[in-house]
Amino acid sequence: MNMADNKAYLAAVEGGGTTFVVSVACVSSSSSSSSVAKNNNNNDENNNILSIGCTKLHLLHTATIPKRDDVTGEIPNNYTPEEIISEACSFFRTHLPPDGYSALGIASFGPAGVDPKSKDQYGKILSGSPKKQWRGVDILSPIKEACGLSGELEKRVAFDTDCNAPAMAEFKHRCWQQQQQEQSSNTSSSKPLTSLSYITIGTGVGVGLVLNSQPLHGLLHPEGGHICIQPLPDDKFTGYSWGAKSPYKGMGTVEGVASSVALTERWIQMEQEREMAKKLYAKGSGGSGGNGSSPSKKRDEEQEQSKISINDNNNGDNAQTREILSTLPNNHPIWLHASNAIANLCVSLLLLTSCQKIVLGGGIMKRDIVYSMVRSRVWTLLNGYLDSVEELSDERKLEDVIVGSSWEEVGSGLVGAFALALDAYEKDGEEEGGEEGRTSLLDSDASGKKKTASESEEQRLFTSGVLVGIGLSFGCVLMMSLLGRGSARR
């Protein structure tokens, strides 16, 4: 199949902690810079067109598994991993193109096996996952079989985390945008983009890293959501219910504070403490002697009862319970704790990796006010240490460093999955000798590289010609001189 003829079909899966998003898209040829430059959202909702760098995808079919209830709007909380994967497989079989899928990309929550050489772990959720029911689940095998991409076609399948995949997609897309701006202004950037961090804040917190223009894997993949933070003063929250299987037991970590699971459980604790305070006040007002006091033993018992009760139906692990976060006002203290934790992570990334861009995504970042709160807190935490860096010399400049996703409406995880599929398809094409219009569609600076290579070749030939000309001229002069001396002697 030839991408230039709009006959390459990609399958993509964003595997989240609560739902899976599955999609099929047809890949168009490279789009003109002018038409894409005007599309700041990088997706056309009316035409279902999604832009990644110079490549356009026509979204044909998309579904969320499990889907929200038509009446209540709630996400079912009783789906098993096997049921979710089974429905995903059915979706891809139902929408199978006449000539099959060209490639498959899966961007999954972690920790997950992302090393293709590790056959026992690749494509599976690892045993360290706080999501008990997902531990050891093989996501990749059944879906690639449903897409008809097993055996020799496995080269067209890619699996990575839902952080690393969008990190690379964001990186390549922003590199392409930078080149378009340079071409339109006829200037060259003194600091080309070579590094980027992508942070997703949802049911968990994950980090994807691109350093020196390459995604970071190493021993596994980044797990930056589990680093420790400096909590706000007098923060009494002791961690979320997933902490038992998390680093530091989830106490004082980014995910243990800013994830929707942790924020929901903090809200439950705050509400229960507020209700207990009301009861204590009411009993104190009507107590003997009118002094508002009660026996210390009874008070201790009541305070013990006020502690949050973590169970299957009343904690942040329940998708329906987490819906409460969308109803909280912007001035709720919940968002102060969330923004502080996210800001701590941003500061750590700036100090440790010196990344040029930090992209924030995920469900929590749909609360727009969190962006400004995070930037403000980052500025405070940095404490002027990096003022000598131009991009960090003023708080307002953080708006260009800490940014939102390029695909807020579609979802960076799904875009990352499509980017994985594109990359796998292109690499397979290169190994087979390539097809016209197939190679380097995703590589945002491919045309620039080709142009640079062509210009370099022309420059080399020109330089060689000049040197040859100089050599010939020098030789002629030398011969004339020798002939002249010979004539004089005669």
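Structure summary
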quantity	calculated
Cα-Cα pairs of the range 167-227 separated by more than 14 Å (percent)	61
Convex hull volume per residue in cubic angstrom - Cα atoms of the range 157-285	180
Length-normalised contact order of the range 124-265 in % [C-alpha pairs under 8 Å, at least 6 apart]	20
Square roots of five times the Cα gyration tensor eigenvalues for the range 104-228, Å	31, 19, 11
Kirkwood hydrodynamic radius (C-alpha pairs) into Stokes-Einstein, the range 318-398, 20 °C and 1.002 mPa s, D in µm²/s	156
Two-decimal log10 I(q)/I(0) for the range 331-373, as the Debye equation yields it once each C-alpha is a single scatterer, q = 0.20, 0.28, 0.34 Å⁻¹	-0.65, -1.05, -1.25
Cα-based equivalent ellipsoid of the range 116-186: semi-axis lengths in Å, sorted from largest, via gyration tensor	34, 18, 9
Restricting the range 71-125 to trypsin sites (Lys or Arg not before Pro) in coil, as DSSP defines it, with at most 13 other Cβ within 10 Å	117, 119
Separation between Cα centres of the range 221-285 and the range 369-391, rounded to whole Å	25
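Since every read-out is calculated from the coordinates, none of them should be taken as a lab result. Bear in mind that the values here come from a model prediction, so they are computed numbers and not experimental data. For neighbour counting, all protein chains shown are included, and Cβ atoms are generated from backbone atoms with ideal geometry for every residue, glycine included.
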